[in-house]
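Structure record follows, encoded as structure tokens.
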Amino acid sequence: RPIAMGHIGFIVPDLKSAEDFYHKRLGFPVSDRYAGGAALFLRCQSESEHHNLFLIWSKEGNTRFHHIAFEVRDIHEVFGGGLYIDKQGWPTQVGPGRHPVSSAYFWYFKNPCDGAVEYYADSDYVTDAWKPHNYRFNRFSEWHMVDGIHQRDDGVVRLSMAATGRQ
């Protein structure tokens, strides 16, 4: 079960205007930027997790919801929660994997409200001393599985799962 709502992502037509509003008007510190103005990571406080708001530039000039991210305790809960969500029939969008920006482990699922839902853990914690990176390459992940982990549905209880009382 998630312990917090960590961040939300939007696709926007004008990243500069969005940065002016959230950074200059509302005071959100900039955590990092993708190369070429492709995306922007911001946080609500000077000391917090890497980002609370992720803004992605739209080539098509539209605005839309991209994803909402829920924090879980650790990588085990990313995988365990991901396997559970998958078993309930919600399709994986991408993952599991690990982001190079923020260092978080992740797993994205298709959201019934459009966009995606992300389970994540182990994000970087930044302070006032943090200097935003302007990345030269836009890498979504260090590594990831394209479409989740395929579970065998053969009815066999695995010993590791039997020890926890789950199957």
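Considering segment 106-140 alone, what residues qualify as being within 18 Å of residue 40 (Cβ to Cβ), part of a loop (DSSP other than H, G, I, E, B) and not polar (S, T, N, Q)?
115, 124, 130, 131, 132, 135, 136, 137, 139, 140
For segment 1-43, give me the residue count where each residue is assigned to a loop (DSSP other than H, G, I, E, B), open to solvent by 50 Å² or more (accessible area, probe 1.4 Å) and either in contact with a strand residue (DSSP E or B) (Cβ under 6 Å, 6 or more places away or on another chain) or modelled with pLDDT under 95 (or both). Reasoning before the result, please.
Keep residues of segment 1-43 that are assigned to a loop (DSSP other than H, G, I, E, B), which gives 1-3, 13-14, 26-29, 34, 38, 43.
Within this subset, residues satisfying the condition of being open to solvent by 50 Å² or more (accessible area, probe 1.4 Å) are 1-3, 13-14, 26.
After this cut, where a residue has to be either in contact with a strand residue (DSSP E or B) (Cβ under 6 Å, 6 or more places away or on another chain) or modelled with pLDDT under 95 (or both) as well, the list is 1-3.
Final tally of qualifying residues: 3.
Residues of segment 44-56 being of a type outside the set (Gly, Ala, Ser), assigned to a loop (DSSP other than H, G, I, E, B) and open to solvent by 30 Å² or more (accessible area, probe 1.4 Å), which ones?
Residues satisfying the conditions are 44, 45, 47, 52.
When segment 76-105 is examined, which residues are found to be part of a loop (DSSP other than H, G, I, E, B) and under 23 Å from residue 126 (Cα atoms)?
Residues satisfying the conditions are 99, 100, 101, 102, 103, 104.
The values are calculated or read from the model by the stated rules, or taken from the named source; none is laboratory data. Remember, predicted model here, so these are calculated numbers, not experimental data. With ideal geometry, Cβ positions are generated from the backbone for all residues, glycine too; neighbour counts draw on all protein chains shown. Surface accessibility is based on the protein's heavy atoms, side chains included, excluding ligands, DNA and RNA. Shrake-Rupley method; radii C 1.70, N 1.55, O 1.52, S 1.80 Å.
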